[in-house]
């Protein structure tokens, strides 16, 4: 799952039409928490020789009864997404991922819709 790069500056503005501008995770009040979580996820992704997207997909598909629907705009993205199936996550990895995720999710409300439409 490869998203267009964006700067980590707090005052970053997405280009017109970039859907991330309407996602609550990219709002200023969540930005620093997301960046802190990403900084903790990167070493685990590197350890697994995976991209952050692959790590996220591997975490999703590690849960029994859960399916991942991963989008891809081209062949390279589809191949990268498929690589998540080759990532093995231990119970300790899953616990670590859950803890890192809570750095962000503990501050979100109960509304499951992450997008401002």
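The values are calculated or read from the model by the stated rules, or taken from the named source; none is laboratory data. Since the structure is predicted, the reported quantities are computational estimates derived from the model, not experimental observations. No Cβ is skipped: glycine too gets one built from the backbone with ideal geometry, and neighbour counts run over all protein chains shown.
For this structure, a couple of remarks:
- On inspection, residue 39 fails the criterion of being within 14 Å of the chain's Cα centre (by Cα), farther than 13 Å from residue 93 by Cβ and either touching a residue at least 12 places away in the same chain (Cβ under 8 Å) or surrounded by 14 or more Cβ atoms within 10 Å (Cβ to Cβ) (or both).
- Any hit, segment 98-114, residues being within 15 Å of the chain's Cα centre (by Cα), outside any helix (DSSP H, G or I) and at pLDDT below 90: yes
- Filter pass, residue 68 being surrounded by 10 or more Cβ atoms within 10 Å (Cβ to Cβ) and touching a helix residue (DSSP H, G or I) at 6+ places or on another chain (Cβ under 6 Å): yes
- Residue in segment 71-79 that is under 14 Å from the mean Cα position of the chain (by Cα), at negative phi and in a loop (DSSP other than H, G, I, E, B) present: yes
- Check on residue 92, free of Cβ contacts under 8 Å to residues at least 24 places away in the same chain, surrounded by fewer than 14 Cβ atoms within 10 Å (Cβ to Cβ) and over 19 Å from residue 43 (Cβ atoms): no
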